[in-house]
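**Student:** My structure is below; once you've seen it, I'll send some questions.
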Amino acid sequence: SSVDPKFLSLTKVDDWIYSEFRETFKDLKIDVLDPEELKSEPAKEKWRPFCLRFEGVVEDFNYGTLLRLDCREGYTEENTIFGG
């Protein structure tokens with residue numbers, strides 16, 4: 001089955017998480033991801049504190065996930081990165 005993403009809620013605090021995400025990562029393009037913006041040392045210095053804000057609020061707040069680099073493409077080895 002599928003759900004229109006605007007109706008999908010993964011946690012009770014999705015709106016807060018997204019607001020914090022956009023405040024922290026103002027210029028991050030999310031349609032086509034640059035792995036350097038996720039994996040470089042400067043990026044990790046921003047991502048760690050961001051994720052830690054949700055410790056105790058979101059279960060498994062620090063689990064990794066597979067991300068598509070280009071949202072218009074499918075999950076392939078070339079178009080997938082592990083974020084975590």
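The values are calculated or read from the model by the stated rules, or taken from the named source; none is laboratory data. Predicted, not measured: the structure shown is a model, and the values here were computed from it. A quick note on method: Cβ atoms are made from the backbone with ideal geometry, for glycine too, and the neighbour counts reach across all protein chains shown. These accessible areas exclude ligands, DNA and RNA; they are computed on the full protein's heavy atoms, side chains included. Shrake-Rupley method; radii C 1.70, N 1.55, O 1.52, S 1.80 Å.
**Student:** Could you please let me know if CYS71 is in contact (Cβ under 8 Å) with a residue 24 or more places away in the chain, on the phi < 0 side of the Ramachandran plot and within 13 Å of the chain's Cα centre (by Cα)?
**Tutor:** Here the answer is yes, as CYS71 does meet what is asked.
**Student:** Still on this model: Could you check the stretch 57-79 and list, in sequence order, the residues that are within 24 Å of SER19 (Cβ to Cβ), open to solvent by 80 Å² or more (accessible area, probe 1.4 Å) and in a loop (DSSP other than H, G, I, E, B)?
**Tutor:** Listed by number, the residues that qualify are GLU59, ASN62, TYR63.
**Student:** Evaluate the following for SER9: is it exposed (fewer than 12 other Cβ atoms within 10 Å of the Cβ), assigned to a loop (DSSP other than H, G, I, E, B) and without any contact (Cβ under 8 Å) to a residue 40 or more places away in the chain?
**Tutor:** yes
**Student:** Would you pick out the residues in the stretch 15-35 that are among the acidic types (Asp, Glu), surrounded by 10 or more Cβ atoms within 10 Å (Cβ to Cβ) and more than 23 Å from THR80 (Cβ to Cβ)? Step through it out loud before you land on a result.
**Tutor:** Restricting attention to the stretch 15-35, the residues satisfying the condition of being among the acidic types (Asp, Glu) are 15, 20, 23, 27, 31, 34.
Next cut, surrounded by 10 or more Cβ atoms within 10 Å (Cβ to Cβ) only: 15, 20, 34.
Hits for the stretch 15-35 are ASP15, GLU20.
**Student:** Examine the stretch 36-55 for a residue that is open to solvent by 80 Å² or more (accessible area, probe 1.4 Å) and not in a helix (DSSP H, G or I), and state whether such a residue exists.
**Tutor:** yes
**Student:** Oh, and also: Which members of the stretch 49-74 meet the condition of being modelled with pLDDT of 90 or more and aromatic (Phe, Trp, Tyr)?
**Tutor:** Listed by number, the residues that qualify are PHE50, PHE54.
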